[in-house]
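Structure first, then comments.
The values are calculated or read from the model by the stated rules, or taken from the named source; none is laboratory data. Bear in mind the structure is a predicted one, so any value in this text is a computation, not a measurement. Quick reminder, even Gly has a Cβ in these numbers, built from the backbone with ideal geometry, and neighbours come from all protein chains shown. Note: accessible area is taken over every heavy atom of the protein model, side chains too, but ligands, DNA and RNA are not part of it. Shrake-Rupley method; radii C 1.70, N 1.55, O 1.52, S 1.80 Å.
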Amino acid sequence: MPSASSPTPPTPQRNGAKRVIPRRPLAAAAVSAAFVALLYLVELVDVVLPLELDRNGIVSRSLDGLDGVVWAPLLHDGWSHLFANTWPVAVFAFLAMAGGLGQWVMVTAVIWVVGGLGVWLVSPDHTVTVGASGLAFGWLAFLLLRGVFSRSLAQLAVAVVLFALWGGMLWGVFPGTPGVSWQGHLFGAVGGVLAAWLVARADRRKRSTARPELPGSLGA
């Protein structure tokens, strides 16, 4: 006797684009802590050994200083500089992993490269720029805009909290404080905006290419 059965509809999945906290928070916290530990290890080596690592930062418009784009975020001008960057880097890196480690690597790479090249192009001649604050500004800009692009109320709420706690950082994209690279802050933030746009575009492509299964019947 013929019988028919319908496939069980798939269980709705929470949209990863709207996630606020990383799916695996302990792993994300470990990655964030490991990155901060790397910054402290580099600074300790720079202090203990006479290597003058800070000279490997970004030297504006110098071909010899272009490789500083790779090294500058790992270097700091003393412990006080590193201490000032520690909490923003740790918190923003953790929250930016809400979309997964792979997405975080892409976002960080965009901020790293855009911020570094912007510093190399715009900073005053013979200036050496170091520090992870460009990454912090980039992650903050990414976190502030991702909720707008994904239309997530939860992410927007987190953005409001972040702005309340660290919104004053955004003034660092303007000139005014001697010895502070506003160029690094500005172009790091530009990298964060670009990364948020790229992530939103990728999410839209995933949604547009996804096709729901059509109901059917099986005869037996």
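Conditions (1) in contact with a helix residue (DSSP H, G or I) (Cβ under 7 Å, 6 or more places away or on another chain); (2) open to solvent by 80 Å² or more (accessible area, probe 1.4 Å), marked per residue:
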residue	(1), (2)
Ala27	no, no
Leu39	yes, no
Ile58	yes, no
Phe83	no, yes
Ala96	yes, no
Gly115	yes, no
Leu121	no, yes
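Quick one: what pairs do we get from the stretch 183-204, first residue more than 30 Å from Asp125 (Cβ to Cβ), second surrounded by 19 or more Cβ atoms within 10 Å (Cβ to Cβ) and among the charged types (D, E, K, R), C-beta under 8 Å, 6+ apart or different chains?
Correct list of pairs: Ala196/Arg146; Val199/Arg146; Ala200/Arg146.
Can you name every residue in the stretch 102-158 that is more than 21 Å from Ala90 (Cβ to Cβ) and part of a loop (DSSP other than H, G, I, E, B)?
Listed by number, the residues that qualify are Ser123, Pro124, Asp125, His126, Thr127, Arg151, Ser152.
Would you check which residues across the stretch 24-45 are within 15 Å of Phe83 (Cβ to Cβ) and over 22 Å from the mean Cα position of the chain (by Cα) and list them?
Leu44
So which residues in the stretch 132-154 are open to solvent by less than 20 Å² (accessible area, probe 1.4 Å) and more than 15 Å from the chain's Cα centre (by Cα), if there are any at all?
Once the filter is applied, which keeps residues that are open to solvent by less than 20 Å² (accessible area, probe 1.4 Å) and more than 15 Å from the chain's Cα centre (by Cα), the stretch 132-154 yields only Ser152.
Can you go through Val130, Val180 and tell me which one is β-branched (Val, Ile, Thr), within 22 Å of Val36 (Cα to Cα) and at pLDDT 90 or above?
Details: Val180 fails: at pLDDT 90 or above.
None of the other options fit; the residue is Val130.
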